[in-house]
Each structure stands twice: as structure tokens, then as C-alpha cells.
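Student: Here's a structure for you.
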Amino acid sequence: MYIGSTGVATVACLMTGLFVFPGILEPDSTVQQLLSGAGVALFVAAFECGIGPCFYVLAQDIFPEQVRSAGTSYTIWVQFVFNVIINWGFPVAMTGFSGGPSGDQNQGMAICFMLFAGFGFVTTAFMALKMPKTNHELKQEALREEVFGTADTKAITNQSPVDIWPTTPE
């Protein structure tokens, strides 16, 4: 589900970028507006049906129990930081790629969507190659093996949370 929805969202970004790129379709035509609008709608649909709402579940599932709360908190913090960067940076990048405020804004928008599509392809490939697959195994054992690279997890699983943190001498 994650990989499929990420792939569809990536293709939607690519589709949107192609349709607004200067020279592909007549500028500001109804066809260009409808096709680029369809690309944005497809992106939103793929995101909302896949990785969007499931991000918080995935963020918890990729960490072992001992570090789950800290790892999940850090992961969600990083997501919010990147959301702010993208929301504030998109208009600036679009204007910069278009050659300034008097430049071709469609060119800037197309380049931004192509960059988003490039990041999406990298993300889809990473998820397909590195995301833990449980295949009805015990989830924690499969994740520990994927994260720590070994099936011998007794040293990790038999420790209490107190044993993980260093103690200070009294």
C-alpha cells in the first residue's frame, strides 16, 4: 500500500510538471489547466489513501519497543520541519526557477513538480528496497532483524528500559 500510493503520487507530480512545462501544451489553455489540475487531484488522492494517514502508524512500527517513543517523536518532528520547509519554500523556489517575478511562472512550477517527482522516485525505490516486510511473521522480530541486521536479538529484547540508559555512579 505504501509503495503503490507513493508511486502513484510520484507519477502525479511528474504528470503535473509535464503539463505546465512551457512548450508542452499551449500556455494557460483549458486543456493545460484541466490536465495539471487532474495531476494535483491524483496526487492528493494517492497521498490521502496511502502514506498520508498511515505515516503515524509506520513511524511507530519501524522502531523497536525500547526506543519507540523517542524514535517516533523524532520522526514526527522531522516530518513537521520538512512540511514547513516545503510550504514556505515552494513559492520562493517557483519564483526562482521561473527567472524572478516577471519570468514564466509555469516554468518554475514545472521544475518544482519535477523535483517533487524526483524525490518521489527515490522514496519509492527506498521503500521498496528497505522497508521491513513482515509477511505474517512476528512483527517485532522481523523489525529487529531488519534494523539490527541479525536474528540474535536476545541482548536487546531481554533488557529492561532501565538497563538501556547508562547509570550514574552514586
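The values are calculated or read from the model by the stated rules, or taken from the named source; none is laboratory data. Quick caveat: nothing in here was measured; it's all calculated off a predicted structure. Here the Cβ is made from the backbone with ideal geometry for all residues, glycine too, and neighbour counts use every protein chain on show. Quick note on the areas: whole protein, heavy atoms, side chains included, nothing else; ligands and nucleic acids left out. Shrake-Rupley method; radii C 1.70, N 1.55, O 1.52, S 1.80 Å.
Student: Answer yes or no as to whether ILE85 is open to solvent by 90 Å² or more (accessible area, probe 1.4 Å), part of a helix (DSSP H, G or I), on the phi < 0 side of the Ramachandran plot and modelled with pLDDT of 80 or more.
Tutor: Judged against the criteria, ILE85 is a match.
Student: Name the single residue that is modelled with the highest pLDDT among those in the range 12-34 being open to solvent by 60 Å² or more (accessible area, probe 1.4 Å) and in contact with a Leu (Cβ under 8 Å, 6 or more places away or on another chain).
Tutor: VAL31
Student: Test of understanding: among THR134, THR75, THR123, which residue is at pLDDT below 60, surrounded by 13 or more Cβ atoms within 10 Å (Cβ to Cβ), out of contact with any strand residue (DSSP E or B) (no Cβ under 7 Å at 6 or more places or on another chain) and closer than 26 Å to THR6 by Cβ?
Tutor: Working: THR75 fails: at pLDDT below 60; THR123 fails: at pLDDT below 60.
Checking each option against the conditions leaves just THR134.
Student: Now a separate question. Do any residues in the range 74-93 that are hydroxyl-bearing (Ser, Thr, Tyr) have Cβ atoms under 6 Å from those of residues that are surrounded by 11 or more Cβ atoms within 10 Å (Cβ to Cβ), where the two are at least six apart or on different chains, and which pairs are they?
Tutor: The qualifying pairs are THR75/ALA59.
Student: Taking the range 88-106 as the search range and keeping residues that are open to solvent by less than 80 Å² (accessible area, probe 1.4 Å) and not in a helix (DSSP H, G or I), which one is nearest to PHE116 (Cα to Cα)?
Tutor: SER98
Student: Now, a different point. Of these, PHE47, PHE63, which one is assigned to a helix (DSSP H, G or I), surrounded by 14 or more Cβ atoms within 10 Å (Cβ to Cβ) and not small (Gly, Ala, Ser)? Walk me through it before giving the result.
Tutor: Numbers: PHE63 fails: assigned to a helix (DSSP H, G or I).
Exactly one residue qualifies, and that residue is PHE47.
Student: Does LEU42 satisfy the condition of being modelled with pLDDT under 75, open to solvent by 40 Å² or more (accessible area, probe 1.4 Å) and assigned to a helix (DSSP H, G or I)?
Tutor: The answer is no for LEU42.
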